[in-house]
Every structure is written in structure tokens, then in C-alpha cells.
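Comments concern the structure below.
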Ligand code: UDP
């Protein structure tokens, strides 16, 4: 069998050269990391669940006209995506206070924010992805003013879509992170949603019980991560026949 060219290996995913130019195969690993990879564990089945959940969210976004890198799922752990030039920013959208915002500003977790708040972190593991302002982004040329306008509009559309989808299954979207990439079409550049959208990069709380159904289960040792992600997948009808403990059986 021919060996594929690995382009990049990150904490939760591996990227391989895709079958056609301009495509990439994104492989979802079972590795869970937190606190800039200080805490690490293999969580069996997480990659399979995130591949499915990211497919569900990204294809939904494509269908409502929010462009993403997602083309199609290939198998249990892999999806075909458009290759793009990643903007070196993590774009965080918050609807309710939690995590670093709560710590930084002393706002109790779960407090509803007066409106969605967008924050940016500079993607640099060695620096621990520091929070940056639009001034830094403009001064250091990480994104242009036009890019920033497009990023805000993409982020808010993703927020409305995800909030609505989750609300329909009794889950509150507290916050999430997206990444965006540039694709070139002739003389034009377009920004699209890239990377993944999964419970690894969102905070999802059950509306009735407040139970956390996201990576905080791992970060804060609140129980079994696969159970939490399976619950999200089950409610969304993404893996309807999946037994919670054996998600790898489902293709
Ligand atoms: N997030 C992420 N990757 C990061 C940092 C944050 O996916 O490197 C997500 C995180 O899961 C949460 C949101 O962005 O849904 C806001 O995270 P926060 O800034 O509160 O960071 P944390 O408290 O997790 O350090």
C-alpha cells in the first residue's frame, strides 16, 4: 500500500495530503489534551465521535450558506476537507461566562452575557495562545480589516446556527472556538470556517441539569468524556444506534 504524505500532526488531528490538489484528509485521533497539553490522555472513541459531530455541524453550515472547508466524510475517523491557509487566530464566541473569561473578569460561570462577545487568541502553542486585541492583529498583519469584518460575520452566523441546533436538543451553547482559513479563487480570496467544530472546542451544558457535555469533563475530571460526547451525538441523531461505550463499531 502506498504511504500517504503526512502534512501535519497536531494534538487531536493528523492532516494528510488529499487525493486531489487542494484537498486534505483530516484524521481525528483519540488523544485528549488540556492546559496546553500539560494534561494528556487517550479517550477511546473520541476521534470517531468528533469526526461525526464536526461533519454534522460543518455540513449544516455549508447548507445554510456559511462556507466551511468540509467536503465529505471518508470513514470513521477521516474527512476530506479543502486545503486552506489558516489565519493564525483562535476566534472565541461567548454567550455565557465560563472558563478564562470568568477568571479574567470575575463573572460567575453561567452568567448570560449582554450580547455575544468575540475574543481572539494568537495561535502559538509556545506562548500558550495568548489573548490579543484587534490592534495587535492589525499591527502584526495577522488579518486585514476586511478579513476581520468577514471573521466577525462568520463567527456570529456560526453562533446563531450552533445555538439554535443545540437549543433544539436541550443543550445551551455557552461558548466555542473556531478557526478560519483563506482559499483563493482566481484573483479573489475568501474566508471559510476550518479545523473542527466539536465538543472539544465548545462548551455545552444540558439546559435542565446543567450537566457539562464538553471537554470540561476532561479538563475538570467530571466523569467519562466519551459518555458526554455520545450524549450530544445521540441527541442530535448523529450516531443513533451507537452504544455509548462502543462508538467505534459504527461506520
Ligand atoms: N477553546 C479551544 N481551544 C483553545 C482554547 C479554547 O477550543 O485552545 C475553546 C474552549 O473549549 C471553550 C472556548 O474556546 O469552548 C473558550 O475557552 P476559554 O478561553 O474559556 O479557555 P479555557 O478556560 O478552556 O482555558
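Estimated purely from DSSP H runs of n ≥ 4, each contributing -39500 (n - 2.57), the mean residue ellipticity at 222 nm for the chain is -8500 deg cm²/dmol once divided by its residues. Residue exposure proxy: 11, 29, 103, ordered by other Cβ atoms within 10 angstrom of their Cβ from fewest to most, comes out as 103, 11, 29.
Segment residue 160..residue 11, full-extension length gain: 50.8 nm, with 0.36 nm per residue of separation and the alpha-carbon distance subtracted. Footprinting exposure proxy ranking of 23, 226, fewest other C-beta atoms within 10 angstrom first, gives 23, 226. Rounded to the nearest 0.05, what FRET efficiency is calculated for residue 111 and residue 75 with R0 set to 30 Å and r the Cβ-Cβ distance? So, using R0 = 30 Å, E works out to roughly 0.10.
Provide the gained length on full extension for the span residue 39 to residue 63, in nm with one decimal, where the gain is 0.36 nm per separating residue minus the Cα-Cα distance.
5.0 nm
Orientation-averaged projection of region 166-213 equals 4.0 nm² [convex hull of Cα atoms, one quarter of hull surface area].
For the pair residue 146 and residue 222, label points projected 7 Å from Cα toward Cβ lie 4.2 nm apart.
Taking the Cβ of each residue in 74, 61 as the centre, tally the other Cβ atoms inside 10 Å and list the residues starting with the fewest.
Ordered by Cβ neighbours within 10 Å, fewest first: 74, 61.
Every number here is computed from the coordinates shown, using simple stated rules; none is lab data. What you are looking at is a predicted structure, and each value in this text was computed from that prediction instead of being measured. Glycine gets a Cβ as well: all are built from the backbone with ideal geometry, and neighbour counts include every protein chain shown.
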